[in-house]
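Notes follow the structure.
The values are calculated or read from the model by the stated rules, or taken from the named source; none is laboratory data. Remember, predicted model here, so these are calculated numbers, not experimental data. Every residue, glycine as well, gets a Cβ built from its backbone with ideal geometry; the counts of neighbours run over all protein chains shown. Quick note on the areas: whole protein, heavy atoms, side chains included, nothing else; ligands and nucleic acids left out. Shrake-Rupley method; radii C 1.70, N 1.55, O 1.52, S 1.80 Å.
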Amino acid sequence: MGSGSLFPRLALAIAGAALLNAQASDPAFAPLTKAYEALRTKSYDAAIEAFYQAVALAPDRPAIREDLAYTLLKTGETEAARDQFAEAVRLDAKNDQIALEYAFLCYETKQPVIARRIFERLTEAGNSTAAEAFENIDRPLREGIARWRQAVDLDPDNFSAHEELARLAEQRDELPLAAEHFDAARKLRPDRRDLLLDLGRIWKNMGREEDAFAALVAAWRGATARVSEQARELLPARYPYLSEFERALALDPSNVQLRKDVEYFRSLSSGKAPAVAEPALKTREEPAAPAPDAKELGIKSLDKGFLGDALKYLHIAHESERKDYEVMLKLGWAYNIAKDDQDALRWFDQARESPDPAVSTEASKAYHNLAPGLERFRTTFWAYPIYSTRWHDAFGYAQIKTEARLSFLPLRPYVSLRFVGDLRGSIQTAFGPQFLSDRTAILAAGLATIPWHNLTGWFEAGEALFFRQSPAERGRLKPDYRGGVSYGKGFGHLLASGSHGRFFESNIDGVFVSRFSDDSLLYTQNRAGYTLRSAEGFGGFHIQALWNANLTADAQRQYWANFVETGPGMRFRLDSLPASPMVSISYMHGAYLVNEGNPRRPNYNELRIGVWYAITR
């Protein structure tokens, strides 16, 4: 083989080795190759994605950021392109072309102060394009400052003149002039605490850290929510010391919220009730008293019922430690007490992830108690089968109901299907057969009020389907209109997990039913007794010993609807199961209050065994 063919092959081998070496040494080689290939086919989204991958692998290479910025401009993402040029300028401060591109993008995206600074620097370096751009920005500022200065000289109490002069001075980087007139405007209008934010920002840029801190604290504690949030972002992550709160109050003595903060901190330090005191300014050499922990303040405020303070300090604590699940739980309770259940549900949901079983259990319980009431649609099914020794029969009552929760409507529309029936059917009396239930399914639509102090009103219209005929009901279908009010309240230690002690429960219902000859009925059922401590080893077996006292009456004085009954009973359930099923056993002695037409004895004894089961989705 001749030497003429050796050199080309050797050159190719060297080039190939260099290429392989470049690939091995450059972590961004593969995504950059993909990015430039996508640019050739004008697949800009794919190129941007590949460039971002390259930036992550080689974050200190300005050329990659420059190419990414130009590609972002092709897709109209101006602000994202500006940010990439900013990084390129930071990495390569001597590249005037990148700096010029960055300056123009800053001006286009409402950052004229940064644009002016860059144009001024490039002008001093002899760049004619930058000089023209600088003059276009600087001339209106110079002229405006001159006009507003003249206005201030003519009328020193002109608030608008001071504010406009301050803003133009800040844009032209005349920070002492801007600070002077923001301060003057603030003193003319103490209610404009957004000016404290401006003043704090300028003092911070001037290096007046203590003054800036005081202005930002005053803006944070006394301004609108938007300004308060902006001020908080400019403050350090730590909570201010008492001396810093006092310095802020000295700057803004009419700030009511700030004064409350200072008094509250002083009371915690002294252990005494807050006393109104003149704001004091401590010297720098004086040791600052450390502020109580924000979490501690939030929990104490919540315990005392100061919801505004509780929310404020708990949010600060959450900002400081994002994984403090106890703070999330307390935020849930604070919002729940404040009647903001949507936010409460969100915090309870987050607190359920706590590794602390006590916190996660409490949060889960609160979440599941709250969530059903906030869902747009809620379906509830309940069933209550009962066996009675008085009738030697088993009765069944059940309902499935779906209701809609509409924020713009104070009522909740619903549809329901009820079942009523028994096994035996009827008994023979001297007056003929007596039917123990009407064995029906009732399909209805209705409206219910939102519960108010445990009181609910409702009305529905439906159709009753009879599964059997009786002397009173020969047809299969009959309209059914009913409505009423319901009240239920429990006191003491109810049948819930971990509860033990005395309790009392009362349920009162007033019902109108068209199908019972337009009759109105009143039911009241009352139970008092003692909830026993759950038994270990049986899944948390819970039992109540109780005494019943019930009354039923109606408007038409029918015998079957007028009686009283009382007697001992017990109820039990397992903690390991949901709140249902619950088994009840009662021995009742009853007496009819109306005996005209009554085919049975006026008094009765009855053993009643029932199982209540309910589920909501």
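For segment 44-59, a tally of residues being over 15 Å from residue 70 (Cβ atoms) and either open to solvent by 60 Å² or more (accessible area, probe 1.4 Å) or assigned to a loop (DSSP other than H, G, I, E, B) (or both) returns 6.
A residue that is within 19 Å of residue 170 (Cβ to Cβ) and touching a residue at least 40 places away in the same chain (Cβ under 8 Å) occurs somewhere in segment 97-115. Of the candidates 523, 530, 604, the single residue that is over 29 Å from residue 458 (Cβ atoms), open to solvent by 30 Å² or more (accessible area, probe 1.4 Å), among the hydroxyl-bearing types (Ser, Thr, Tyr) and modelled with pLDDT of 90 or more is 530.
Only residues that are exposed (fewer than 13 other Cβ atoms within 10 Å of the Cβ) and either of a type in the set (Asp, Glu) or assigned to a strand (DSSP E or B) (or both) were counted across segment 369-415, and they come to 1.
The sole residue among 210, 246 that is modelled with pLDDT of 85 or more, open to solvent by less than 20 Å² (accessible area, probe 1.4 Å) and not hydroxyl-bearing (Ser, Thr, Tyr) is 246. Looking across segment 484-495 at every residue that is out of contact with any Leu (no Cβ under 9 Å at 6 or more places or on another chain) and surrounded by 15 or more Cβ atoms within 10 Å (Cβ to Cβ), the one that is modelled with the lowest pLDDT is identified as 495. Among residues of segment 552-567 that are at positive phi, those with a beta-carbon under 7 Å from a residue that is open to solvent by 50 Å² or more (accessible area, probe 1.4 Å) and in a strand (DSSP E or B) at least six positions away or on a different chain give the pairs 567/587; 567/589. Each residue in segment 558-581 was checked for being at pLDDT 90 or above and in contact with a Leu (Cβ under 9 Å, 6 or more places away or on another chain), and 8 pass.
For segment 33-73, the tally of residues that are basic (Lys, Arg) and more than 21 Å from residue 98 (Cα to Cα) stands at 3. Looking at segment 65-143, the helices (runs of 4 or more DSSP H) lying wholly inside it that each contain 3 or more residues that are of a type in the set (Asp, Glu) and within 39 Å of the chain's Cα centre (by Cα) sit at 78-91. Checking the stated criteria, residue 166 turns out to be within 26 Å of residue 232 (Cβ to Cβ), small (Gly, Ala, Ser) and part of a helix (DSSP H, G or I).
For segment 72-86, the criterion of being more than 30 Å from residue 138 (Cβ to Cβ) and either open to solvent by 30 Å² or more (accessible area, probe 1.4 Å) or hydrophobic (A, V, I, L, M, F, W, C) (or both) is met by at least one residue.
Within segment 346-361, residues that are open to solvent by less than 60 Å² (accessible area, probe 1.4 Å) have Cβ atoms under 8 Å from residues that are among the β-branched types (Val, Ile, Thr) in these pairs: 351/359, counting only partners at least 6 apart in sequence or on another chain.
Every condition in (1) touching a Phe, Trp or Tyr at 6+ places or on another chain (Cβ under 7 Å); (2) among the small types (Gly, Ala, Ser); (3) under 16 Å from residue 36 (Cα atoms) is met by residue 86 except one, and the failing one is (3).
Looking only at residues in segment 293-340 that are among the hydrophobic types (A, V, I, L, M, F, W, C) and in a loop (DSSP other than H, G, I, E, B), the one that is most open to solvent (accessible area, probe 1.4 Å) is 306. A residue that is more than 16 Å from residue 215 (Cβ to Cβ), at pLDDT 85 or above and either open to solvent by less than 30 Å² (accessible area, probe 1.4 Å) or not basic (Lys, Arg) (or both) can be found somewhere in segment 176-186. Here is the figure for segment 584-601: residues that are closer than 11 Å to residue 559 by Cα and at pLDDT below 90 total 7. Is at least one residue of segment 599-608 without any contact (Cβ under 8 Å) to a residue 40 or more places away in the chain, in contact with a Phe, Trp or Tyr (Cβ under 6 Å, 6 or more places away or on another chain) and within 30 Å of residue 372 (Cα to Cα)? No.
Quick grid of which residues meet (1) within 20 Å of residue 247 (Cβ to Cβ); (2) in contact (Cβ under 8 Å) with a residue 24 or more places away in the chain:
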position: 175; (1), (2): no, yes
position: 186; (1), (2): yes, no
position: 190; (1), (2): yes, yes
position: 199; (1), (2): yes, no
position: 207; (1), (2): yes, no
position: 210; (1), (2): yes, yes
position: 214; (1), (2): yes, yes
position: 222; (1), (2): yes, yes
position: 226; (1), (2): no, no
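Would you confirm, using the coordinates I've provided, whether residue 173 is open to solvent by less than 60 Å² (accessible area, probe 1.4 Å), out of contact with any Ser or Thr (no Cβ under 6 Å at 6 or more places or on another chain) and assigned to a loop (DSSP other than H, G, I, E, B)?
yes
The residues listed here are 279, 274; of these, the one that is closer than 26 Å to residue 185 by Cβ, modelled with pLDDT under 85 and either of a type in the set (Asp, Glu) or surrounded by 13 or more Cβ atoms within 10 Å (Cβ to Cβ) (or both) is 279. Of all residues in segment 91-110, none are polar (S, T, N, Q) and farther than 24 Å from residue 128 by Cα.
Residues of segment 437-478 that are surrounded by fewer than 16 Cβ atoms within 10 Å (Cβ to Cβ), among the polar types (S, T, N, Q) and modelled with pLDDT of 85 or more: 449 alone.
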